[in-house]
Amino acid sequence: MPAPADASGCDLAARYAAVRARTLALAEGLSDADATVQSMDDASPAKWHLAHTTWFFEEFVLAGAAPAYRGYDARYRYLFNSYYDSVGARHPRHRRGLLTRPSLAEVLEYRAHVDDAMARLLGTPLAEGLAARLVLGLHHEQQHQELLLTDLLHLFAQNPLRPAYRPRAEAAARASTAPSPPAWIAYPGGRYEVGHDSATAPGFAFDCEGPRHAVLLRPFRLAARPVSNAEWCDFIADGGYRTPALWLSDGWKTVQGDGWTAPLYWENPADEPPRAMTLAGVQALDPAAPVAHVSFYEADAYARWAGKRLPSEYEWEVAARELPIAGNFADSGALHPLATPAAQGALGPQAEPAGAASAPAQMYGDVWEWSASPFVAYPGFRPAAGAIGEYNGKFMCNQFVLRGGSCATPAGHLRATYRNFFYPHQRWQFAGLRLAEDAA
């Protein structure tokens, strides 16, 4: 029998091993304390990410498919379930940081135990449904690889020593200067097909990316690059955080209640350049790099201050769908947004979208880009039966869609149809924005 393969033809055993090894590499060098502490309710300890992703394969792949499999510890089903109510009771999310036991070493042993069982399973033919569930588990783990990085950044930012998770890779830096005014790329209005088509498109997609359906768009223009740190400094200097007319009501309430005066992790926004906590410790911000760690509320206020708006998720997808999925992802080693490459920064105003020279820059990687679209079901969406159906559908309330991935997103994890989603006040992710405007 041929080796089991995912929808793209990749050897699933090799892919499984690579994804699992990547997670371990991200945790390399962490102490037991680093991996145990929880810095806020939205973040989880690194140790929990390591265990939860392992629990996923144990619960949704090995259980029932491998009759000879013996679980590592029956108590882990309670400890490391995330939000699958259909599976059973679970440890409260906000108390994950109190799990001083099992130790990091024991969690790594748990991973090895499950990996051994998975290796045996992957040496046998897999039913189509089980293979699809395994591929889902791999993409689920890649999501947690990103969360592991962003949660560690938030954790280390609470430490007065400002420890570095990884020294910045000099080879990944791009020489830059203050950004020039953004160019604008025009797109015609009309009827467009958006979303993933599982019948014709190869490869994996989450259920919330489909069904594919038609939308009607008016002519629009999209900024050729994301908003930069330098431009955000102008917003701050002009009183952006002090002007209530720029903010949605809930946003203004949050600004006042939480005392926001700059993006998360900025330590001295009045300095030139500002400094911010990064995964390489406190660093001077590149003025030409995309601004990061802003909430939807902040992105919306900035767009209003600039006299523009945020794009809808459909406009973003139309602009991105013909572009190569390449950029500054976690695999580059930078682990921080980088400035727009010079070759992509010389776009003329009102450039047409055809051709490499007139394509928008940094649509993938660097920063997730907030859209104006709420995270809701596409027409015809139906969640899968059983516990696995809780993956996305139950969260389609009060959240907004982000597109494009970030410097913490694993390469190979994205598509033009990929829909990330967060609550409008959240900003610990590498989230930024790109402006849009009506063309007619």
Residue set Gly257, Gly251; condition small (Gly, Ala, Ser), assigned to a helix (DSSP H, G or I) and touching a Ser or Thr at 6+ places or on another chain (Cβ under 9 Å); output residue Gly251
Note on the range 38-69: residues outside any helix (DSSP H, G or I) and under 22 Å from the mean Cα position of the chain (by Cα) are Gln38, Ser39, Met40, Asp41, Asp42, Ala43, Ser44, Pro45
| message | Quick check on Tyr78: is it of a type in the set (Phe, Trp, Tyr), in a helix (DSSP H, G or I) and surrounded by fewer than 18 Cβ atoms within 10 Å (Cβ to Cβ)? | response | yes
Within the range 177-235, the count of residues that are small (Gly, Ala, Ser), under 25 Å from the mean Cα position of the chain (by Cα) and farther than 19 Å from Ala431 by Cα comes to 6
Query raised in the report: Does the range 220-231 contain any residue that is open to solvent by 40 Å² or more (accessible area, probe 1.4 Å) and out of contact with any strand residue (DSSP E or B) (no Cβ under 7 Å at 6 or more places or on another chain)?
Result: no
Checked against (1) under 20 Å from the mean Cα position of the chain (by Cα); (2) more than 30 Å from Gln143 (Cβ to Cβ), Glu317 satisfies every condition except (2)
Per the filter on the range 92-105, residues exposed (fewer than 14 other Cβ atoms within 10 Å of the Cβ) and not in a helix (DSSP H, G or I) are Pro92, Thr100, Arg101
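Here is a yes/no grid of residues against (1) outside any strand (DSSP E or B); (2) touching a strand residue (DSSP E or B) at 6+ places or on another chain (Cβ under 8 Å); (3) on the phi < 0 side of the Ramachandran plot:
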position: Trp370; (1), (2), (3): no, yes, yes
position: Pro379; (1), (2), (3): yes, yes, yes
position: Ala384; (1), (2), (3): yes, no, yes
position: Gly389; (1), (2), (3): yes, no, yes
position: Lys394; (1), (2), (3): yes, no, yes
position: Leu402; (1), (2), (3): no, yes, yes
position: Leu414; (1), (2), (3): yes, no, yes
position: Pro424; (1), (2), (3): yes, yes, yes
position: Arg427; (1), (2), (3): yes, no, yes
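Yes/no matrix, rows are residues, columns are (1) more than 21 Å from Pro182 (Cα to Cα); (2) in contact with a helix residue (DSSP H, G or I) (Cβ under 9 Å, 6 or more places away or on another chain); (3) open to solvent by less than 40 Å² (accessible area, probe 1.4 Å); (4) at pLDDT below 95:
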site: Trp252; (1), (2), (3), (4): yes, yes, no, no
site: Tyr265; (1), (2), (3), (4): yes, yes, yes, no
site: Pro273; (1), (2), (3), (4): no, yes, no, yes
site: Gly281; (1), (2), (3), (4): yes, yes, yes, no
site: Val294; (1), (2), (3), (4): no, yes, yes, no
site: Ala299; (1), (2), (3), (4): no, no, yes, no
site: Glu313; (1), (2), (3), (4): no, no, yes, no
site: Thr340; (1), (2), (3), (4): no, no, yes, yes
Practice item. Output yes when any residue across the range 147-160 is without any contact (Cβ under 8 Å) to a residue 60 or more places away in the chain, over 17 Å from Ala17 (Cα atoms) and open to solvent by 30 Å² or more (accessible area, probe 1.4 Å), and no when none is. Key: yes
- Within the range 196-207, can one find any residue that is within 14 Å of Pro311 (Cα to Cα) and either open to solvent by less than 40 Å² (accessible area, probe 1.4 Å) or out of contact with any His (no Cβ under 9 Å at 6 or more places or on another chain) (or both)? no
Picking from Thr200, Thr261, Thr177, the residue that is β-branched (Val, Ile, Thr) and either touching a strand residue (DSSP E or B) at 6+ places or on another chain (Cβ under 8 Å) or at pLDDT 95 or above (or both) would be Thr261
In this structure, is Tyr83 in a loop (DSSP other than H, G, I, E, B), of a type in the set (Ser, Thr, Tyr) and in contact (Cβ under 8 Å) with a residue 24 or more places away in the chain?
yes
Test Asp331 against the stated conditions and say whether it is among the acidic types (Asp, Glu), farther than 26 Å from Arg22 by Cβ and open to solvent by 10 Å² or more (accessible area, probe 1.4 Å).
no
Ala164: passes all of (1) assigned to a loop (DSSP other than H, G, I, E, B); (2) surrounded by fewer than 20 Cβ atoms within 10 Å (Cβ to Cβ); (3) out of contact with any strand residue (DSSP E or B) (no Cβ under 7 Å at 6 or more places or on another chain) but (3)
Notebook entry, point to check: Is it the case that some residue within the range 398-405 is surrounded by fewer than 16 Cβ atoms within 10 Å (Cβ to Cβ), at pLDDT below 95 and within 27 Å of Tyr192 (Cβ to Cβ)?
Noted result: no
Flagged pairs (Cβ under 8 angstrom, 6 or more apart or on separate chains; first in the range 32-49, at pLDDT below 95; second in a helix (DSSP H, G or I) and open to solvent by 10 Å² or more (accessible area, probe 1.4 Å)) are none
When restricted to Leu130, Leu108, Leu134, the only residue in a helix (DSSP H, G or I) and surrounded by 21 or more Cβ atoms within 10 Å (Cβ to Cβ) is Leu134
Scanning the range 420-440 for residues that are surrounded by 23 or more Cβ atoms within 10 Å (Cβ to Cβ) and of a type in the set (Gly, Ala, Ser), the one nearest to Ala223 (Cα to Cα) turns out to be Ala436
So, Pro125, is that one open to solvent by 30 Å² or more (accessible area, probe 1.4 Å), assigned to a loop (DSSP other than H, G, I, E, B), over 23 Å from Leu148 (Cα atoms) and in contact (Cβ under 8 Å) with a residue 24 or more places away in the chain or not? yes
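The values are calculated or read from the model by the stated rules, or taken from the named source; none is laboratory data. Note that the structure is a prediction, hence the values are computed from the model and not measured. So basically every Cβ, Gly included, is an ideal-geometry build from the backbone, and we count neighbours across all protein chains shown. These accessible areas exclude ligands, DNA and RNA; they are computed on the full protein's heavy atoms, side chains included. Shrake-Rupley method; radii C 1.70, N 1.55, O 1.52, S 1.80 Å.
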